[in-house]
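The values are calculated or read from the model by the stated rules, or taken from the named source; none is laboratory data. Here the structure is a predicted model, which is why all the values come from computation and not from measurement. Here Cβ is always computed from backbone atoms with ideal geometry, including for glycine, and neighbour counts include all displayed protein chains. Heads up: the accessible areas ignore ligands, DNA and RNA and are worked out on the full protein's heavy atoms, side chains in. Shrake-Rupley method; radii C 1.70, N 1.55, O 1.52, S 1.80 Å.
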Amino acid sequence: MIPASPPIHTDLFSLFMLLGCVQGLILAYFFLSHAKGSNRSNLFLGILILAMSVIISDVWLGYTNYMFRVLWLVDFSEPLNLLMAPAAFLYTKTGVTQRVSRRAWIHFIPSMAYLAYMCVLIYPQSLAFKYNANIGSFHPELERIAATAYGSEWMFYPKWYINELTFASMVIYSVAGFWFLTGAFRERGISFFTGEKSSLSWFRDMSLQLTFLILVFFVVRTSFPHDLGDHIIAAFISLIIYIVSFTVLRKSLFFHESNERTARKYEKSSLTREIQSATLGKLEAVMLAEKPFLDPGFSMPALSKRLGVSTHHLSQILNEELKQSFFDFLGAYRIQEAQRLLADEGNAYIKIEEIGQMVGYNSKSAFNTAFRKITGSTPSEYRKKHVNQKF
């Protein structure tokens, strides 16, 4: 017989988690419904946010004691523990490369395997078994009841070590994500810790938030017995959802800086109209005559030094006069040069990857992504179209 459940418990943590869960479900729907074309990476972000929301709901039910009223749901979200890290990694990789690998779904095999395991061994267990599992996580002071579980003891090892498996998954994919991102920053010739707002800096910031989640997970798991600190982890996940939601609400300001914001950013600048005019003239002359953008390591500090102005002034000129970030400015010149080389039938023997290297890109994927973003076609499509037109 199942004992009477403890009274419902509500406090600030429960409210914070509940609102985070609801916000996450709305956000997940938004991303999953906008996951086509150039926004394909939203599919994985939607999966990540959805997994986070379901995990929060599981913790919320246990923390508030509502789980005693739906005991059949005990630990229902555990397979999603192994889904979050690969989804975050695939979001970053797909967002940077603008393409989904055919093997991407392989990363979800551990989560799917654990789901199958739970369906066979854990979900069908008796309510008495689940009652004991629930009090073991949230009320170790309560007395366990008699329960019979089917299955040998060794079969429960994956369940007993799910926290260790989750932590390992998060660490492995976090390292892989940062390794990939540092390579992407290096290819574009910019510092990983640049303060310049761009798509790469967004993916970097998102990865840092998930890294903090790993630290919170580790501290909570080593500081609290059983699962008594789950509400802290769930609250931090809720905080990540709030941050993402806030960013989405001001997306236009985040990705396309308004004139008002730009003016505030440079309101204390010492840049004069004379310096600005002279620098614009030098800038065009240097870019056309010397083509410094062909150097893969070309950066804003290098360009500002060549022009004899500060990086702050150069950034202001690019933002205010050309309405571009340095990365967009650099990419425009590189792709323009690539178009010239691809349209020349004398270069037909040169591989696409070599053309990309000639204009400053260290990888074919980065070159293809930038080329498609600016021209709307791939380098091979552009070459085929323009070379054939000459015959």
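A quick yes/no check of all residues on (1) in contact with a Gly (Cβ under 8 Å, 6 or more places away or on another chain); (2) modelled with pLDDT under 95; (3) closer than 18 Å to Phe178 by Cα:
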site	(1), (2), (3)
Thr92	yes, yes, yes
Gly95	no, yes, yes
Ser101	no, yes, no
Trp105	no, yes, no
Pro110	no, no, no
Ala113	no, no, no
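Just one of Ile190, Ile172, Ile214, Ile232 is of a type outside the set (D, E, K, R), out of contact with any Cys (no Cβ under 9 Å at 6 or more places or on another chain) and closer than 30 Å to Pro7 by Cα; which is it? Step through it out loud before you land on a result.
Numbers: Ile190 fails: closer than 30 Å to Pro7 by Cα; Ile172 fails: closer than 30 Å to Pro7 by Cα; Ile214 fails: closer than 30 Å to Pro7 by Cα.
Unique residue meeting the criteria: Ile232.
For Glu141, are the conditions met, namely being within 14 Å of Asp227 (Cα to Cα), open to solvent by 80 Å² or more (accessible area, probe 1.4 Å) and assigned to a helix (DSSP H, G or I)?
Numbers: within 14 Å of Asp227 (Cα to Cα): yes; open to solvent by 80 Å² or more (accessible area, probe 1.4 Å): yes; assigned to a helix (DSSP H, G or I): no.
Here the answer is no, as Glu141 does not meet what is asked.
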Going by the structure shown, is Ser252 part of a helix (DSSP H, G or I), out of contact with any helix residue (DSSP H, G or I) (no Cβ under 9 Å at 6 or more places or on another chain), among the small types (Gly, Ala, Ser) and modelled with pLDDT under 70?
yes
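Scan the range 60-72 and give yes if some residue there is part of a helix (DSSP H, G or I), closer than 17 Å to Asp227 by Cα and touching a His at 6+ places or on another chain (Cβ under 6 Å), otherwise no. Walk me through it before giving the result.
Pass one, the range 60-72, residues part of a helix (DSSP H, G or I): 60-64, 66-69, 71-72.
Of the ones still in play, those that are also closer than 17 Å to Asp227 by Cα are 60-64, 66-68, 71.
Now drop any that are not touching a His at 6+ places or on another chain (Cβ under 6 Å), which leaves 63-64.
Within the range 60-72, one or more residues are part of a helix (DSSP H, G or I), closer than 17 Å to Asp227 by Cα and touching a His at 6+ places or on another chain (Cβ under 6 Å).
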If the requirement is being more than 30 Å from Leu43 (Cα to Cα) and touching a helix residue (DSSP H, G or I) at 6+ places or on another chain (Cβ under 6 Å), which of these qualifies: Thr64, Thr97, Thr92?
Thr64
List pairs: first residue in the range 90-110 and under 22 Å from Glu187 (Cβ atoms) and of a type in the set (Lys, Arg), second residue in a loop (DSSP other than H, G, I, E, B) and open to solvent by 20 Å² or more (accessible area, probe 1.4 Å) anywhere in the structure, Cβ distance under 8 angstrom, at least six positions apart or on different chains.
Lys93/Ser101; Arg99/Arg40
Of the conditions (1) in contact (Cβ under 8 Å) with a residue 40 or more places away in the chain; (2) assigned to a helix (DSSP H, G or I), the single one that Ile8 does not satisfy is (2)
Take the residues of the range 259-287 that are aliphatic (A, V, I, L, M) and at pLDDT 85 or above: which is nearest to Val359 (Cα to Cα)?
Met287
Identify, by number, the condition in (1) modelled with pLDDT of 90 or more; (2) within 26 Å of the chain's Cα centre (by Cα); (3) surrounded by fewer than 22 Cβ atoms within 10 Å (Cβ to Cβ); (4) not hydroxyl-bearing (Ser, Thr, Tyr) that Leu82 doesn't meet.
(3)
Among the residues of the range 22-41, is there at least one that is farther than 26 Å from Tyr123 by Cα and touching a Phe, Trp or Tyr at 6+ places or on another chain (Cβ under 6 Å)?
yes
Options Leu322, Leu314; residue that is open to solvent by less than 70 Å² (accessible area, probe 1.4 Å) and not in a helix (DSSP H, G or I):
Leu322
Is at least one residue of the range 16-23 in contact (Cβ under 8 Å) with a residue 60 or more places away in the chain, assigned to a helix (DSSP H, G or I), open to solvent by less than 40 Å² (accessible area, probe 1.4 Å) and of a type in the set (Phe, Trp, Tyr)?
no
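So that you can scan it fast, the table gives a plain yes or no per residue for (1) touching a Lys or Arg at 6+ places or on another chain (Cβ under 6 Å); (2) assigned to a helix (DSSP H, G or I); (3) open to solvent by 50 Å² or more (accessible area, probe 1.4 Å):
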residue: Ala149; (1), (2), (3): no, no, no
residue: Trp154; (1), (2), (3): no, yes, yes
residue: Tyr157; (1), (2), (3): no, yes, yes
residue: Glu164; (1), (2), (3): no, yes, yes
residue: Val171; (1), (2), (3): no, yes, yes
residue: Val175; (1), (2), (3): no, yes, yes
residue: Phe178; (1), (2), (3): no, yes, no
residue: Gly183; (1), (2), (3): no, yes, no
residue: Arg186; (1), (2), (3): no, yes, yes
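Restrict the check to the range 106-118 and report whether at least one residue is more than 28 Å from Leu45 (Cα to Cα) and either within 33 Å of the chain's Cα centre (by Cα) or open to solvent by less than 50 Å² (accessible area, probe 1.4 Å) (or both).
So the first thing to find is which residues in the range 106-118 are more than 28 Å from Leu45 (Cα to Cα), and the list is none.
Within the range 106-118 (the criterion being more than 28 Å from Leu45 (Cα to Cα) and either within 33 Å of the chain's Cα centre (by Cα) or open to solvent by less than 50 Å² (accessible area, probe 1.4 Å) (or both)), the answer is no, since none of the residues qualifies.
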